[in-house]
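Worksheet: the structure to be examined is printed underneath.
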Amino acid sequence: MGFIWFWIVAVMIAAYVVLDGFDLGVGILFPVLACSEIERRTMIRSIGPVWDGNEVWLLAGGGTLFFAFPLLYASSFSGFYLPLMIVLWLLIGRGASIELRMHIDHEVWRSLYDGVFFVSSALLAIFFGAALANVIRGVPLAADETFFLPLWTNWRVGPNPGILDWYTVIGGVVALVALATHGALWLTLKAPGKLEDCARRAATWMWVALLVVTCISLPATVAVRPSLLNNYRAYPALFLVPALVIASLVGILSFTRQRKPLAAFLSSCLYLVFMLVGAAAGLYPILLPSSTDPARDITVANALTGPHSLYVGLIWWSFGLVLALIYFAVSYRLFRGKVSPEGSYGH
């Protein structure tokens, strides 16, 4: 059951990154691609009916983590208290900017919320990437499975790091570039006319940056935590995962140039999924590594809740997942096609 719940949590995190990732990407590109009020409205409307539903996966992932691995939930949420509070306020700011932007028809009002939308989206991408890098790098777990991290120390990876160091900054940059590319590819699907062309050009240029930061991040990850390769050596089939990361990158560029927006966007989805799967496969069965003593690692075995709860929870989780998938299938079906700056969301 520990193996099953480990991958359930991983799948829910991947679903959030893929679905809310293009929402964040649109926000990151908001001041870059939109040259007029009509284009800004079109970008907002491209995510309007789905952005809040996409965030459900973040809440569901946190709830699943609390249910299946309560020790990990308690340790990580207390240790990462400061960045979690920052993330919470960024999520509030992004939601408020989308919902309140058009409440007053005044340029200053709209400009204020446009800035909040961009800043909150960009910082969320950076914080999420840095958070994953912190998990991979490890944290200074004490004997009672608690830890505290300042925002930064000396920017070096070591036994007593900060939340930000050279490696976690790389993780933040990878997330920023990857989600910006993801958002651009979403806009090639949803935006009409000139905005679609601008998004396609942006995706092509950002692909180069994505290739560079990906090539930097992979060896950096191995250098920071060489033990990630243990599972790959034990199960050589796992080396297909980095190969699929490369294949998805090739697909993004190839399909974008061929003007096949759906295939390019799905390739971006696969890139995000395989990057996360690669990290999860390397870490398993460790959930949160210790940067000071490997004996203090929080693992699936020592963090797992009781067996009866896991079996009952799996039944209810499966039922809830079916309902969620039906909801998302209907929502995205109604929201298919291009959007316009005016009129209804659906087509």
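The values are calculated or read from the model by the stated rules, or taken from the named source; none is laboratory data. As the structure is a prediction and not an experimental result, all values here were calculated from the model. FYI the Cβ positions are ideal-geometry reconstructions off the backbone, even for glycines, and counts take in every protein chain you see.
Only residues that are of a type in the set (A, V, I, L, M) and in a helix (DSSP H, G or I): list them for segment 46-78, please. Those that are of a type in the set (A, V, I, L, M) and in a helix (DSSP H, G or I): Ile47, Val56, Leu58, Leu59, Ala60, Leu65, Ala68, Leu71, Leu72, Ala74. Flag: Thr305 matches the condition of being farther than 30 Å from Thr181 by Cα and in contact (Cβ under 8 Å) with a residue 40 or more places away in the chain.
Would you check if Leu310 is under 24 Å from the mean Cα position of the chain (by Cα) and not small (Gly, Ala, Ser)? So Leu310 fails the test.
Please go through segment 16-37 and pick out each residue that is over 14 Å from Leu65 (Cβ atoms) and under 13 Å from the mean Cα position of the chain (by Cα). First the steps, then the outcome.
Pass one, segment 16-37, residues over 14 Å from Leu65 (Cβ atoms): 17-37.
Passing the criteria: Val17, Val18, Leu19, Asp20, Gly21, Phe22, Asp23, Leu24, Gly25.
Counting the residues of segment 280-325 that are under 21 Å from Phe148 (Cβ atoms), part of a helix (DSSP H, G or I) and in contact with a strand residue (DSSP E or B) (Cβ under 7 Å, 6 or more places away or on another chain) gives 2.
Residues that are more than 20 Å from the chain's Cα centre (by Cα) and not in a helix (DSSP H, G or I) within segment 79-107 comprise Arg101, Met102, His103, Ile104, Asp105, His106, listed in sequence order.
Just one of Val339, Val277 is of a type in the set (Val, Ile, Thr), under 30 Å from Ser46 (Cβ atoms), touching a helix residue (DSSP H, G or I) at 6+ places or on another chain (Cβ under 7 Å) and assigned to a helix (DSSP H, G or I); which is it? Spell out the reasoning first.
Numbers: Val339 fails: assigned to a helix (DSSP H, G or I).
Sole residue among the options that is of a type in the set (Val, Ile, Thr), under 30 Å from Ser46 (Cβ atoms), touching a helix residue (DSSP H, G or I) at 6+ places or on another chain (Cβ under 7 Å) and assigned to a helix (DSSP H, G or I): Val277.
Annotation: of all residues in segment 308-332 being of a type in the set (Phe, Trp, Tyr) and touching a residue at least 24 places away in the same chain (Cβ under 8 Å), the one that is surrounded by the fewest Cβ atoms within 10 Å (Cβ to Cβ) is Tyr311. Among the criteria (1) over 15 Å from the mean Cα position of the chain (by Cα); (2) under 24 Å from Asp20 (Cβ atoms), the one Pro150 does not fulfil is (2).
Residues that are β-branched (Val, Ile, Thr) and in contact with a Gly (Cβ under 6 Å, 6 or more places away or on another chain) within segment 1-27 comprise Ile13, Val26, listed in sequence order. Got a number for residues in segment 285-294 being modelled with pLDDT of 90 or more and either surrounded by fewer than 18 Cβ atoms within 10 Å (Cβ to Cβ) or over 26 Å from Ser78 (Cα atoms) (or both)? Of the residues in that region, 1 qualify. The set of residues from segment 32-78 being crowded, with 20+ Cβ neighbours inside 10 Å, out of contact with any Phe, Trp or Tyr (no Cβ under 8 Å at 6 or more places or on another chain) and over 30 Å from Arg201 (Cα atoms) comprises Leu72, Ser76. Out of all the residues in segment 22-45, which are part of a loop (DSSP other than H, G, I, E, B) and aliphatic (A, V, I, L, M)? Within segment 22-45, just Ala34 meets the criteria.
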